[in-house]
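Have a look at the structure below before the remarks.
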Amino acid sequence: LFNMKKWKGITEHRVHMGTFDFSVIILVGDYKTACSYALWAFEDKKTNLEDFDRGYIPRGKCFFRQGYIPVVWIPKIPKTAREHATYAHECLHAIFHLFDWANLSINNDTEEVMTHAMAHLIANGLHTKNII
């Protein structure tokens, strides 16, 4: 369900999404290293992910490439309300990719599945022990 390891100065948190055969990677640390990690994970040696940022470093990001699992990046473990909000915001992007992978529409009928998936990712994404 959960795996954490260091990768060149960033911490990688890998969360398996339970019933879904799907994982989300959460990176905490340096942004440029996270960009390098995402390109490595997506087997992409050509794209410059920083080109999409228009000259500023974002507060968080969800990297994604079709056929791969999403990679959420935040600079540090959230402490402030704004940092928690940014983390939740990026996790929601990852949940949208989960729904796309599962070929599920996001609507009133799937709202509960989405909110449970979101809660699971947030609860398990940054902890060294599983919270179930």
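The values are calculated or read from the model by the stated rules, or taken from the named source; none is laboratory data. All figures in this text were calculated on a predicted structure; none of them were measured in a lab. Reconstructed Cβ throughout: ideal geometry from the backbone, glycine too, with neighbour counts over all protein chains shown. Protein only, heavy atoms only, side chains kept; ligands, DNA and RNA dropped before computing areas. Shrake-Rupley method; radii C 1.70, N 1.55, O 1.52, S 1.80 Å.
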| task | Could you look at region 6-131 and say what percent of its accessible area is carbon and sulfur, using a 1.4 Å probe and all protein chains? | result | 54
| request: Work out the charge dipole of the chain with +1 on the Cβ of Lys and Arg and -1 on the Cβ of Asp and Glu about the Cα centre, then indicate which of G55, N107, F42 is farthest towards its positive end. | output: G55
| Per residue value of the accessible surface for the chain (all protein chains in place, 1.4 Å probe), Å² | 61
| said: With +1 assigned to the C-beta of every Lys and Arg and -1 to the C-beta of every Asp and Glu, and no other charges, what is the dipole magnitude of the chain about the Cα centre in debye, to the nearest 20? | reply: 700
| remark: Across the alpha-carbon set of region 57-132, Rg over Rh with Rh taken as the Kirkwood radius works out to 0.97
| message | Eigenvalues of the Cα gyration tensor times 5, then square-rooted: what semi-axes does that give for region 15-64, in whole angstrom, largest first? | response | 23, 13, 9
| field | Candidate aspartates and glutamates - alpha carbon under 14 Å from K8, same-chain residues fewer than 8 apart omitted | value | D30
| query | Please identify the trypsin sites (Lys or Arg not before Pro) of region 14-85 that satisfy two criteria: DSSP loop assignment and at most 11 other Cβ atoms within 10 Å. Which are they? | reply | K45, K46, R54, K76, K79
